[in-house]
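The block underneath contains the structure these notes are about, expressed in structure tokens.
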Amino acid sequence: MKNKKPSNKYTSHPKIRVNRTISQELFLDVMDELSESGDWDTLIDIINSLLRKTEPDHWLQGVLAGAYYGKGDFDLALQSINKAISICGGCPLTRWTCAQILFYNGEYVHALEVLNKLMCEPAREIHAGPCGSGSDCNLTLDRAEGVLNDSRFLTAACYQRLGYRCLYQYFLTVYKRYLAKGVGTCYAEENIEEMTGGEEL
Ligand SMILES: [Zn+2]
């Protein structure tokens, strides 16, 4: 299956320990290489083998969820992201990944429930919280702003799919406003086109 997973840019740069048998740099290289080549089965096998040897790890569990949805296996992606949420229910990155998986699974209302709560949290609080700077998720202030803005885009896409055109336009406009201010995003043009059917304002 073609790589349609937009979350790589977030999952590629955290300060993660993974475990003592593989360094974070090597793990991230392996992850990038396998996700770019679409070799999801190998990536899934590697992550599962790491998860068997580590303490419960919501970040790694979230990466596994991303690999499952990259492969197109939504049931296992949901199972995996729900496990990540059970380990760390407050993690903004995990909740955004969850909403993204729900979106691809056609569960737009459920995705909006997750996103509405997430977007209430100021970036400063995320950055100072347990998944903030220096944690495995490493949500620095910039990355926290990015997750919040990507949540705005995902919210827009959910409203579009549900036929709420005004809300779609509102959230897309706000998303673009933050982009213009220099806030980063993990969505490439092709993701945006795919998720909104190429519809522009
Ligand atoms: Zn986290």
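The values are calculated or read from the model by the stated rules, or taken from the named source; none is laboratory data. This is a predicted model, so every value here is computed, not measured. All Cβ positions, glycine included, derive from the backbone under ideal geometry; neighbour counts span all protein chains shown.
Residue pairs whose Cβ atoms lie under 8 Å apart, sitting 6 or more positions apart in sequence or on different chains, and linking a residue in region 133-155 that is farther than 19 Å from Gly62 by Cα to a partner that is more than 15 Å from the ligand (Cβ to nearest atom) and of a type in the set (Lys, Arg), are Leu141/Arg124.
Checked against (1) modelled with pLDDT of 90 or more; (2) under 25 Å from Ser37 (Cα atoms); (3) away from the ligand (no atom under 12 Å from the Cβ), Ala128 passes all but condition (2).
Being aromatic (Phe, Trp, Tyr), within 14 Å of Thr155 (Cα to Cα) and surrounded by 16 or more Cβ atoms within 10 Å (Cβ to Cβ) is the filter here, so list the residues in region 170-201 that pass it.
Filtering region 170-201 for residues aromatic (Phe, Trp, Tyr) gives 170-171, 175, 178, 187.
This time we only want the ones that are within 14 Å of Thr155 (Cα to Cα), so: 170-171, 175, 187.
Phe171, Tyr175, Tyr187 - these are the residues of region 170-201 that are aromatic (Phe, Trp, Tyr), within 14 Å of Thr155 (Cα to Cα) and surrounded by 16 or more Cβ atoms within 10 Å (Cβ to Cβ).
The residue that is surrounded by the fewest Cβ atoms within 10 Å (Cβ to Cβ), counting only those in region 74-95 that are away from the ligand (no atom under 16 Å from the Cβ) and under 13 Å from the mean Cα position of the chain (by Cα), is Leu78.
Residues in region 101-120 that are closer than 13 Å to Arg152 by Cβ and within 16 Å of the ligand (Cβ to nearest atom): Leu118 only.
Please pick out the residue among Asp136, Asp142 that is surrounded by fewer than 22 Cβ atoms within 10 Å (Cβ to Cβ) and assigned to a loop (DSSP other than H, G, I, E, B).
Just a single option satisfies the conditions, and that option is Asp136.
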